[in-house]
Every structure is written in C-alpha cells, then in structure tokens.
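The values are calculated or read from the model by the stated rules, or taken from the named source; none is laboratory data. Everything numeric here is computed off the predicted structure, so don't read it as measured data. Ideal geometry is used to build each Cβ from the backbone, glycine not excepted, and the neighbour counts take in all protein chains shown.
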Amino acid sequence: MHAPVKWPDGKRFAFTIFDDTDRTTMSNGPEMYRFLHDLGMRTTKSVWPLQGAERPKIGGMTCADEPYREWVQALQAQGFEIALHNATFHTSARAQALAGLEEFRRLFGAYPRIHVNHADCRDAVYWGSARVSGLNRLAYDVVTRYSMRDRAGGSTESSPYFWGDRCKEHVEYVRNFVYTGINTLKYCPMMPYHDPRLPYVNHWFASSDGGNGKRFMRTIGEANQESLVEEGGACIMYTHFGFSDFFENGKLHPRFVKLMTDLAARGGWFVPVSELLDHLRVVRAPHGFDVISRRDRDRIERRWLLEKVFVSRGTS
Ligand SMILES: [Zn+2]
C-alpha cells in the first residue's frame, strides 16, 4: 500500500528513541547516554524544565538541578535532541505550563519540537478517551471502566490546565499510540499526520514499545532487528531509560548492550525523532499523507486498542 521509504545516505532502515525522563538522575543518565553516543546514535531525551512543588507519583531530576541541567545541555551540544515531557513531574496549571515552555526555550535556545505527555498529569494534551474516536472510544471507555475521561486538560479550552494553543504555536510533534512491533512505520505508515479532530497538535507520531528494559530488549530482539532491516522500516522506540531494569549489578544490562551494539552495526539511520519525522514528511509530501483519513485513523486506533486489551495492557 505504502511504498518503502528511502533513507538518506543509502541507509537501510531508521532507528531512534524517545526517552521519557521518568526516574532519570545523574546516577543513571550519563552512563546510558555515553553508551548511545559511543554507538553513534543520536536520539531524543525529554526533560522537565521546572521543579514541581508537590510530590510526584513518578519523579526524577528536573532542569532546576544544576549539574543535571548542564549535563542535558552538553547532550544537546553532542547532537541529541532535547524535548518536553510536561513542565514538571506533576500536573501544572496554565501559568506553570507556559512558564515551563519559556524555561525550556531559555535553557535550550528554542521551544521544544516534540512534546510527550507524562503519566497522570491533568495538563495532558489529548490523553485518555480523547485519543480515540467513535466506536473505538466507546470500547476504550468500557475497557478502562470510564476512568480515562476528562484526562485532557491541556487541550480543553475551559480547563485551568489548558495550554493547547501554545502547543500548537510552538510544538511540531506529539506522541500518540505505542505498538508492540519493532517497525513503527508498519503500524502507522502515515506518520507524522495531522488529525483535524485534535486541532491543537500539529502532527502526531507513533512509537514501538520499549517502556522498560525488559520490553525494550524484547522489541529489539535479534529476529525483530532482522525484520526491521529487511522491511527497510523505521523504529521510534518509546522508553524510560531511568528505569532500573536497564541496569544489572550497577552496570548497563549486558543483553541491552549486546542488542544495541548489534543494531548499531546494521547500517541504520540513527537521528533524533524530529529529524526522522521531518524526513518522512518530505518524502511523503507529494502523496498528501499529511491529514489522516477517517479510515486510517479508525484502523490505527483499533489496532492500538486490540493490542492494549490482548497484548500489552498498561503500555502507553
Ligand atoms: Zn513520564
């Protein structure tokens, strides 16, 4: 249906990572990013620009911590992309959400090109039931027992948590569905796409599930790597590198190191998420895949729901 994408410089496939910053600190972050740097991979790391005043459900360091901030700025100078994971690790009302965007710009020289919602924050942009439409929403509400309604304050104009106008103004890409397979493009060949039903997001992208170390290693297992290369596909991995199962006995998990080293040697295009999505937009532009059709939207929503119910309960 969709012609294979041609990758720059004769590369055979594309692989990148969006790292949700949960639980990342100066004791686990630098080792991971040194490893990625040495592999020649430039990926995307998210941050919380501001220190929250309340206790987080899931915390980690914010850019208010000076050594951490300096480390993240050094990563940016090395070619890693820095992106947004909400203003801080808990819900922000509008004033704080906007302050987070400004602080991001002050620290990193420009507004974030990508935003990804942090779990359980009321300033989320199109979270919960708002992610799915029509019958899929009905099914989602039943499966989640109607607990995921009103979870999208960030994109609800009447909400005190609304910042969707600024998201639309400054942010290019937002992550939506996460799937279990390695080739994200196979699940969502139209990405990055605009969904007119969700106007405050300019372009959505999908990801593959590497939410913790175990799932990351499963998704990039040997056979999956081979099919990614064979299909000439693209993987945008969703992960939390701050999670403890990326480490064993105080060091990076040996199986993770082996699988990533193998992958790095396979001749892929390893650029940050925005750069990969920009490329897809350019090569897809003549075919008009920018605005998603109802049919395609229905298909990717249904696929995600089925996986959520039968395969990967609890993933993003
Ligand atoms: Zn998070």
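The rows are residues; the columns are (1) surrounded by fewer than 17 Cβ atoms within 10 Å (Cβ to Cβ); (2) within 27 Å of residue 17 (Cα to Cα).
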residue: 91; (1), (2): no, yes
residue: 133; (1), (2): no, no
residue: 138; (1), (2): yes, no
residue: 175; (1), (2): no, yes
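Yes or no, residue by residue, for (1) under 17 Å from the mean Cα position of the chain (by Cα); (2) among the small types (Gly, Ala, Ser):
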site: 10; (1), (2): no, yes
site: 14; (1), (2): yes, yes
site: 19; (1), (2): yes, no
site: 32; (1), (2): no, no
site: 48; (1), (2): yes, no
site: 67; (1), (2): no, no
site: 70; (1), (2): no, no
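Identify, please: which residue in the range 77-96 is under 19 Å from the mean Cα position of the chain (by Cα) and more than 26 Å from residue 34 (Cβ to Cβ) and is, among those, nearest to the ligand (Cβ to nearest atom)?
My answer is 86.
For residue 283, all conditions in the list (1) of a type outside the set (Gly, Ala, Ser); (2) surrounded by fewer than 16 Cβ atoms within 10 Å (Cβ to Cβ); (3) modelled with pLDDT of 95 or more hold save one; what is the number of the exception?
Here residue 283 meets the rest and fails (3).
Can you confirm whether residue 267 is surrounded by 12 or more Cβ atoms within 10 Å (Cβ to Cβ), at positive phi and away from the ligand (no atom under 16 Å from the Cβ)? So that I can check it myself, show each step before the final result.
On the way: surrounded by 12 or more Cβ atoms within 10 Å (Cβ to Cβ): yes; at positive phi: yes; away from the ligand (no atom under 16 Å from the Cβ): yes.
Criteria met by residue 267.
Results for (1) in contact with a strand residue (DSSP E or B) (Cβ under 9 Å, 6 or more places away or on another chain); (2) more than 20 Å from residue 297 (Cβ to Cβ); (3) modelled with pLDDT under 95; (4) not hydroxyl-bearing (Ser, Thr, Tyr), shown as yes or no for each residue.
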{"site": "119", "(1), (2), (3), (4)": "no, yes, yes, yes"}
{"site": "129", "(1), (2), (3), (4)": "no, no, yes, no"}
{"site": "140", "(1), (2), (3), (4)": "no, no, yes, no"}
{"site": "144", "(1), (2), (3), (4)": "no, no, yes, no"}
{"site": "206", "(1), (2), (3), (4)": "yes, no, no, yes"}
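Restricting attention to the range 140-157, and to residues there that are of a type in the set (A, V, I, L, M) and surrounded by fewer than 20 Cβ atoms within 10 Å (Cβ to Cβ), which single residue is nearest to residue 117 (Cα to Cα)?
148
Between residues in the range 133-147 that are on the phi < 0 side of the Ramachandran plot and among the acidic types (Asp, Glu) and residues that are assigned to a helix (DSSP H, G or I) and surrounded by 12 or more Cβ atoms within 10 Å (Cβ to Cβ), which pairs lie under 6 Å by C-beta distance while being six or more apart or on different chains?
Pairs found: 141/129.
Out of 165, 123, 195, report the one residue that is within 16 Å of the ligand (Cβ to nearest atom), out of contact with any Cys (no Cβ under 6 Å at 6 or more places or on another chain) and touching a residue at least 12 places away in the same chain (Cβ under 8 Å).
The unique qualifying residue is 123.
Considering (1) more than 16 Å from the ligand (Cβ to nearest atom); (2) at pLDDT below 95; (3) among the hydrophobic types (A, V, I, L, M, F, W, C), say which one residue 107 fails and leave the rest.
Failed condition: (2).
Are there any helices (runs of 4 or more DSSP H) wholly within the range 1-115 with 3 or more residues that are under 23 Å from residue 173 (Cα atoms), and if so which?
It comes to 66-78, 94-108.
Got a sec? Which of 47, 72 is under 21 Å from residue 114 (Cβ atoms) and within 12 Å of the ligand (Cβ to nearest atom)?
The match here is 47.
Sort through 17, 58 and tell me the only one that's under 20 Å from residue 81 (Cβ atoms), within 16 Å of the ligand (Cβ to nearest atom) and aliphatic (A, V, I, L, M).
Values: 58 fails: under 20 Å from residue 81 (Cβ atoms).
Within the list 17, 58, the selection yields 17.
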